[in-house]
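The values are calculated or read from the model by the stated rules, or taken from the named source; none is laboratory data. The structure presented is a predicted model; accordingly, all values stated were derived computationally and were not measured. Positions of Cβ are generated from backbone atoms using ideal geometry, with glycine treated the same way; all protein chains shown enter the neighbour counts.
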Amino acid sequence: MKVNSKQKHASSRNDSAGWQDLDVKPNIEDLCIKTAQIQKGTLEFNKIEFGRQTEDEKAKFKKKRKLSRDPFKALSKLEETKDRIKRLEEQGKLHIAESIVNRRAWQAALLKSEGLKVKDNIDLVRKSVKRKLNQKEKSRKNWQQRIKAQEHAKETKQKKRRENIKKKKDQKKQKQLKKLVKKGRYVKGVI
């Protein structure tokens, strides 16, 4: 019984395989027309292309992305663009300011679609700058403490060494004096 149902299922799969079983290949023009019709009717999110970039442009874009990882540079760049937009609005060039804002929004959207983190919120970037400065200050304090501890340990070791050397010298002198007294020689200060 099970064998028969498996055979039926296998034969139905072979029938529905379509053109792959045949030696005839599909017409490429028909496929292009179908995809064009699909693209006109609905929006496919993973099929959007925003223009092609050459290898030089890609390398330049990657280089720009690497520079923006530093929060200090990112903050200065954000403040610079914010000031530029403000100046353009004050001068009455609203369309230019609007185009800059629009372009930045599209760039952010493209980077987000690639899966990159976009740091365009000035408050969050300021927080990260502040955090980085606090980390630097903390590590500087830790380093100073480490240096002080090393110097203190060095001084105590040197002090102990000097004391031990002095103690050994005194013991040696006492030993020599005892030998002289034992031999019968008169030494001043020893009874």
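In the range 71-116, the qualifying residues are those that are small (Gly, Ala, Ser) and either within 29 Å of residue 131 (Cα to Cα) or surrounded by fewer than 12 Cβ atoms within 10 Å (Cβ to Cβ) (or both), and the one that is farthest from the chain's Cα centre (by Cα) is 92. Figure legend. Inter-residue proximity from the range 140-169: first residues on the phi > 0 side of the Ramachandran plot and surrounded by 10 or more Cβ atoms within 10 Å (Cβ to Cβ), second residues basic (Lys, Arg) and modelled with pLDDT under 95, beta-carbon distance below 9 Å, spacing 6+ or different chains. No pairs are indicated.
What residue, among those in the range 117-139 that are among the hydrophobic types (A, V, I, L, M, F, W, C) and within 18 Å of residue 81 (Cβ to Cβ), is surrounded by the most Cβ atoms within 10 Å (Cβ to Cβ)?
In the first step, residues of the range 117-139 are kept if they are among the hydrophobic types (A, V, I, L, M, F, W, C); the result is 118, 122, 124-125, 129, 133.
Of the ones still in play, those that are also within 18 Å of residue 81 (Cβ to Cβ) are 118, 122, 124-125, 129.
Values: 118: 14, 122: 14, 124: 11, 125: 21, 129: 16.
My answer is 125.
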